[in-house]
1. Can you find a residue that is open to solvent by 60 Å² or more (accessible area, probe 1.4 Å) and within 35 Å of the chain's Cα centre (by Cα) anywhere in segment 357-366?
2. Which one of these is surrounded by 13 or more Cβ atoms within 10 Å (Cβ to Cβ), in contact with a His (Cβ under 6 Å, 6 or more places away or on another chain) and not charged (D, E, K, R): Ala103, Ala142?
3. Have a look at Ser252, Ser288 and point out the one that is among the hydroxyl-bearing types (Ser, Thr, Tyr), in a loop (DSSP other than H, G, I, E, B) and either on the phi < 0 side of the Ramachandran plot or open to solvent by less than 20 Å² (accessible area, probe 1.4 Å) (or both).
4. For segment 67-92, which residues satisfy the criterion of being in contact with a helix residue (DSSP H, G or I) (Cβ under 9 Å, 6 or more places away or on another chain) and within 15 Å of Leu16 (Cα to Cα)?
5. Being charged (D, E, K, R), surrounded by 16 or more Cβ atoms within 10 Å (Cβ to Cβ), farther than 20 Å from Ser311 by Cβ and modelled with pLDDT of 90 or more narrows it down to one residue among Lys423, Lys397; which is it?
6. Please go through segment 427-458 and pick out each residue that is among the β-branched types (Val, Ile, Thr) and open to solvent by 70 Å² or more (accessible area, probe 1.4 Å).
7. Cβ-Cβ distance below 8 Å, separation of 6 or more or different chains: which pairs start in segment 220-245 with a residue that is in the same structural domain as Glu266 (by the TED database) and closer than 11 Å to Ile204 by Cα and end on one that is of a type in the set (D, E, K, R) and not in a helix (DSSP H, G or I)?
8. Take the conditions over 24 Å from the mean Cα position of the chain (by Cα), part of a helix (DSSP H, G or I) and more than 17 Å from Leu406 (Cβ to Cβ) and apply them to Ala335. Does it pass?
Amino acid sequence: MVLLHVLFEHASGYALFAVKEVEEIGMLLPQVEESVLSIGKFNSMVSLAAFFPFKSAQAALENMNAISEGLVHADLKLFLETNLPRSGKKKAVLGVSDAKIGAALQEEFGISIQTGGVVAEIGRGVRLHFHSLVKGLTAHAASKAQLGLGHSYSRAKVKFNVNRADNMIIQSIALLDQLDKDINTFSMRVREWYGYHFPELIKIVSENSMYCRLAQLIGNRKELTEESLESLEEVVMDNAKAQAILDASRSSMGMDISPIDLINIERFSNRVVSLAAYRLELQEYLRSKMSQVAPNLAALIGEVVGARLISHAGSLTNLAKYPASTVQILGAEKALFRALKTRGNTPKYGLIFHSTFIGRAAAKNKGRISRYLANKCTIASRIDCFSEIPTSVFGDKLREQVEERLSFYETGEVPRKNVEVMKEAVKEATDVAAEIKRKLEKKEKKRKKREKKLQELQANGETNGEEEVDNEKIVKKKKRKQVAEETEVQAEEIPAAENGAGETPSKKKKKRKAEEAEDAVVTDNRDEETDTPAKKKKKKTESVDTEPAEETAEIAVSEKKKKKKKKENAD
């Protein structure tokens, strides 16, 4: 007898269901298939053997990523080792919905795996009644878990999409082709519209964007004079053409135009000119993007043709997987299938026909050079797709090889061997890659240093704040002392100034400075001269003692003088 267990992967966890002894032929009957829809009948066929809930949303995402890639996650391995019965009379069979994960499980556990037939029907029923079969799980909680896991899985796929850089190239080349068509259509409309007023301009100027700029500049042809010749030369970049336009405007056969119609034509011309300018910017953007994503392919065949090949293949990875024969006729599928149907000649080239190499080759050598170019394009796309550091060294060398092959077809000059060229390319590429790595490491070191400095500043922010507060307090104290000293000096200077005797303020300041200098000299030479400080202190104390005596003498003299003056006034 066979004991069938069915593994079911849900957003909330892994579940293992035991299928009761029912014949597979009977299970596939239409009546039995209908009974899957009712929970009562389905419960009689299936019972829950074990359930392993995921610990977190991150764990659920990791398990689902592993299943989608056909890998056995550690959680799934532990769950099956614990709950799947292997020994017994009945042979254990594990039913899995996906054949990829089934093959991985068979290799891991060495058990028989069943994927189709009855397992698909049971999986359909389990998916429908899962919230009823697992205790404690509601339909709302199950749907919420599925929604959350679906969003996170989609975000992860978009985030880790290896082709995400190619998407910008695909969109850019599609927009570039669309802009070419639109600018061409709009320019023809401007030609037809402005041609009623100035029909001779079409014959003189054939380029679309230049015609639109001239229509915008000229406006009413009757207002065109000799003064506007310089502005015409700036647009046309040719003196003879500018003079021809001026002469044609004087003898034009066109009809007169109203100011309102002229304003509309000028507005439309302005739009076409802005579209042409944007097309140039977009082409530059495409060139820079191709140099980042596929530098070798761009160096070999050009940015536009390379971008068209990537766009037609769907991605750079798909283009790298194609053989050279497919790349050669990529873009000429209709012609190929028509040739196969009618048993005619198959096409020799597709999109690579727009390359300059095929145009330069002779008619009899076009097929040969297209085959050789497709071969080199395949090599370049594979190098771009799978190389870690993108460089254009290989693309330049491959281009040189194609040039040599062209000259060989024309002149018979034998080209270099592929082995020699590739050895040179590998040597140059390793040097360039080492240089790029060194620059990247330097940038990384600088970034890490900045981060460390920021962290240190953040960590020392509090201590620095405290130090700043202490410094501010010290500065305030010093300022207070200075203010107090200044007030004392002023108080000493005021009576001296009133009496007109004694020393002037400037002299006092000089004296004070000299005393401070003496004190500094004393402190510096304290270690060298041990005897001098005592003498200096004595001198200092004597000078300090003499100063108040002198001040008292001066005060007494001034008082006597005041008394004499009072007596004289009284007499």
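1. no
2. Of Ala103, Ala142, the one residue that is surrounded by 13 or more Cβ atoms within 10 Å (Cβ to Cβ), in contact with a His (Cβ under 6 Å, 6 or more places away or on another chain) and not charged (D, E, K, R) is Ala142.
3. Only one candidate passes the filter, namely Ser252.
4. Listed by number, the residues that qualify are Asp75, Leu76, Lys77, Leu80, Glu81, Leu84, Arg86.
5. Exactly one residue qualifies, and that residue is Lys397.
6. Residue satisfying the conditions is Thr430 alone.
7. Within 8 Å, no pair qualifies.
8. Considered against the rule, which asks whether it is over 24 Å from the mean Cα position of the chain (by Cα), part of a helix (DSSP H, G or I) and more than 17 Å from Leu406 (Cβ to Cβ), Ala335 comes out as yes.
The values are calculated or read from the model by the stated rules, or taken from the named source; none is laboratory data. These numbers were taken from a predicted model, which means no experiment stands behind them. Cβ coordinates were reconstructed from backbone atoms using ideal geometry, including for glycine residues, and neighbour counts include every protein chain displayed. Quick note on the areas: whole protein, heavy atoms, side chains included, nothing else; ligands and nucleic acids left out. Shrake-Rupley method; radii C 1.70, N 1.55, O 1.52, S 1.80 Å.
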